[in-house]
1. May I ask you to compute the full-extension gain from Y70 to N119, defined as 0.36 nm times their residue separation minus their alpha-carbon distance, rounded to one decimal in nm?
2. Can you give me the % of accessible surface on the stretch 81-212 that is carbon or sulfur? Probe 1.4 Å, all protein chains present, nothing else counted.
3. Any idea how far apart S135 and N211 come out in nm if each label point goes 7 Å out from Cα toward Cβ?
4. Averaged per residue, what accessible area in Å² does the stretch 59-212 show with a 1.4 Å probe, protein chains only?
5. Run the quick spin-label model on K196 and E88: label points 7 Å from Cα toward the beta carbon, then report their separation in nm to one decimal.
6. If the chain between S179 and C101 were fully stretched, how many nm would it gain, using 0.36 nm times the residue separation less the Cα-Cα distance?
Amino acid sequence: MNNKTSVGILVIVALIVGGYLLFRQSFIGKDMNQTSQTRQRKESTQSANVEVSSQCSVEVIPALTEGPYYKQNSPERTNLVEEGISGEKLTLTGFVFDQDCRPIANAWLDFWQADGEGNYDNQGFKLRGYQFTDSSGRYILETVVPGQYPGRTPHIHVKVRATENSPVITSQLFLPGVSQNQTDPIFNQALVMDVKDSRDGKVGTFNFVVNK
Ligand code: FE
């Protein structure tokens, strides 16, 4: 083997080792990034739980008008976001509590709302869906921030019921810091969601207190 061949082999070996190290570093880096994201998610979920539990009130939520656009037989789902629906993403979470601040598992919630431009789907079931709270009394709704339409401040309609034999409360949820809240006669401060910005749209919380 002459010197040129030896140098050539050394270069090839160096390239292979270097490539492997680069690949390994980027793979591990990605993995660590994912781990830290998972940890952040867990922490934010934990702090959200503490926050919402301490906010439980003994007052049953106020009932508000149903409005003209409620439709029965919407699909059961927690994610209302579909392709082509306008509006910024909103992930709403919270609990359904009884008046003693005990979370209610399997409580029924039915949501319906306008899209980001203030339009309801009255032909189909876009932005409409019902669900039940999980074993810890928690619900999650993936949707969009509702737009305003003439005469109304932005709102999400909801029906909620603790158990099959409980009364249904029909109400609406509102966004904080919207100027139209002050001029809408239906608006109620007790029904304003806590909303924050996140990397993935807005994140809201609201706890329902209902009678059983
Ligand atoms: Fe409405």
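The values are calculated or read from the model by the stated rules, or taken from the named source; none is laboratory data. The structure displayed is predicted, hence computed values, not measured ones. Cβ sites come from the backbone with ideal geometry, for glycine too, and all protein chains shown count toward neighbours. Surface accessibility is based on the protein's heavy atoms, side chains included, excluding ligands, DNA and RNA. Shrake-Rupley method; radii C 1.70, N 1.55, O 1.52, S 1.80 Å.
1. 16.3 nm
2. Working: 2760 of 5940 Å².
Carbon plus sulfur share of accessible area: 47 percent.
3. 3.1 nm
4. On the way: 7340 Å² over 154 residues.
On a per-residue basis, 48 Å².
5. Output for this residue pair reads 1.5 nm.
6. The span from S179 to C101 would gain 24.9 nm if fully extended.
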